[in-house]
Amino acid sequence: MSPSQWPSQSKLSLITSAMGVRGILGTKEIVALGISREYARKLASRGLIERVGRGYYRLPDAEVTEAHSIAIVSKRSPNGVICLLSALRLHEVTTQSPFEAWIAIEKGARVPSQEGFSTRIVRLSGASFSAGIETREIEGVQVRVYSLAKTIADCFKYRNKIGLDVAIEALREGLRGKLASVDDIWKYAKVCRVSNVIRPYLEAIQ
């Protein structure tokens, strides 16, 4: 590569500094820095940044965690919320290791592109969508995830999709490990309209 082909150090520093703070950058964020999509592609082709999906980049030496797919899916769906099996995995209360990333979006919202990652979409509305959201950082990405108590209620609501045994395991581990309170689980069971379903299991495990 001749000197005339070297990337601008100011632009390279700008994009790598931003990646150091935010972890993964989408092309819209890169353009907002005053850097073109084409320039980002050239940096990736030279190994100066790494492409991790269509329109998404990170530093080539960035740490990759077990929750990498969740970080990418959350980056692509900033208004979505990690739920069900993926949320249980983040809360470390299950032996399940889902191949797919489970994410909830509001009813009527456009399904975001998840090219390159297997994703399961759950549509929720009202308090069922907005209640119990927590935020944690994964690989520099701000990830929205349902609290364990909300996730347990969701698991009973979607027991036909994930299995009743998974829902019961989550309830048992959450209570025994004191990771979720009976009051919180009951509150979200009402929000998710599964209080009658969860009641006998809650009474048996307490």
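Details
- Gaussian network model of the chain, springs between alpha carbon atoms under 10 Å - residue of 89, 110, 159 with greatest fluctuation: 110
- From phi via Karplus (6.51, -1.76, 1.60), per-residue ³J(HN,Hα) for region 40-51 in Hz, x at Gly/Pro: 5, 5, 5, 4, 5, 5, 9, x, 7, 9, 10, 7
- Applying 0.36 nm per residue to the separation of residue 199 and residue 14 and subtracting their alpha-carbon distance, the gain on full extension is 61.2 nm.
- Accessible surface of the chain, 1.4 Å probe, proportion on carbon and sulfur as whole %: 47
- Charged-residue dipole, Cβ positions (Lys, Arg, Asp, Glu), the chain about Cα centre, Debye nearest 20: 680
- Annotation: per residue accessible area for the chain equals 52 Å², rounded to a whole number [probe 1.4 Å, protein chains only].
- Partners for residue 190 among lysines (Cα-Cα distance below 27 Å; same-chain residues under 8 apart left out): 107, 150, 157, 161, 178
- Alpha carbon Rg of the chain, scaled by the compact-globule rule 2.2 N^0.38 Å: 1.21
- Seen from residue 139, the other residues with C-beta closer than 14 Å to its C-beta sum to a net charge of 0, counting Lys and Arg as +1 and Asp and Glu as -1.
- Here the sum of -39500 (n - 2.57) over DSSP H runs of 4 or more residues, divided by the residues of the chain, equals -13500 deg cm²/dmol at 222 nm, to the nearest 500.
- Under 18 Å of direct C-alpha separation, and excluding same-chain neighbours fewer than eight residues apart, residue 28 reaches these aspartates and glutamates: 38, 50, 115.
The values are calculated or read from the model by the stated rules, or taken from the named source; none is laboratory data. What you see is a predicted model, and the numbers here were worked out from it, not measured in a lab. As a convention, Cβ positions derive from the backbone with ideal geometry for all residues, glycine included, and neighbour counts pool all protein chains shown. SASA here: full protein model, heavy atoms, side chains in, ligands and nucleic acids out. Shrake-Rupley method; radii C 1.70, N 1.55, O 1.52, S 1.80 Å.
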